[in-house]
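Chemist: Before I ask anything, let me first share the structure, which is written out below as structure tokens.
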């Protein structure tokens with residue numbers, strides 16, 4: 001489980017980095033950031049694969065998605081000083097609760 005969780009966290013981190021690179025690419029107009037974002041997304045999916053030895057695909061992908069959303073939210077706040085509406089917090093909390101429920105009710109591989 002520990003190894004699978006580390007792979008999943010690595011994949012989430014790579015996804016967050018890819019989102020950051022996409023933002024830096026300004027809509028892929030800055031080519032080096034655009035290519036970096038594509039490379040990071042590929043690496044994120046490759047890092048997700050070993051996690052599937054422990055997690056079902058649906059659970060791993062849900063964890064990956066929510067981790068990427070929360071991480072990107074934090075990156076936007078910290079690095080880009082984007083002020084996001086407090087209205088975004090309840091949906092994020094609902095997603096986290098949903099992921100917890102999915103994990104509690106889904107048997108492991």
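The values are calculated or read from the model by the stated rules, or taken from the named source; none is laboratory data. Just so it is clear, the model here is predicted, and its values are computed rather than measured. Glycine also receives a Cβ, built like all others from the backbone with ideal geometry; neighbour counts cover every protein chain displayed.
Chemist: With respect to residue 85, determine if the residue is loosely packed, with under 11 Cβ neighbours inside 10 Å and more than 25 Å from residue 2 (Cα to Cα). If you could, list the steps in order and put the result at the bottom.
Modeler: Details: loosely packed, with under 11 Cβ neighbours inside 10 Å: yes; more than 25 Å from residue 2 (Cα to Cα): yes.
In short, yes.
Chemist: Output the number of residues of the range 33-72 satisfying the condition of being surrounded by fewer than 16 Cβ atoms within 10 Å (Cβ to Cβ) and in a loop (DSSP other than H, G, I, E, B).
Modeler: Total meeting the criteria: 2.
Chemist: Now a separate question. Quickly run through the range 78-106 and pick out the residues that are over 17 Å from residue 65 (Cβ atoms), outside any helix (DSSP H, G or I) and touching a residue at least 12 places away in the same chain (Cβ under 8 Å). Break it down into steps so the answer makes sense when it comes.
Modeler: Taking the range 78-106 as the starting set, the residues that turn out to be over 17 Å from residue 65 (Cβ atoms) are 78-87, 89-90, 104-105.
In the following step, the residues that additionally are outside any helix (DSSP H, G or I) were identified as 80-85.
80, the sole residue that qualifies.
Chemist: When both residues are 6+ apart or on different chains and their Cβ atoms are under 7 Å apart, which pairs have a first residue that lies in the range 21-32 and is in a loop (DSSP other than H, G, I, E, B), and a second that is modelled with pLDDT under 95?
Modeler: Note: pairs meeting the criteria are 30/24.
Chemist: Is it true that residue 33 is modelled with pLDDT of 95 or more and touching a helix residue (DSSP H, G or I) at 6+ places or on another chain (Cβ under 9 Å)?
Modeler: Values: modelled with pLDDT of 95 or more: yes; touching a helix residue (DSSP H, G or I) at 6+ places or on another chain (Cβ under 9 Å): yes.
When the stated conditions are applied, residue 33 passes them.
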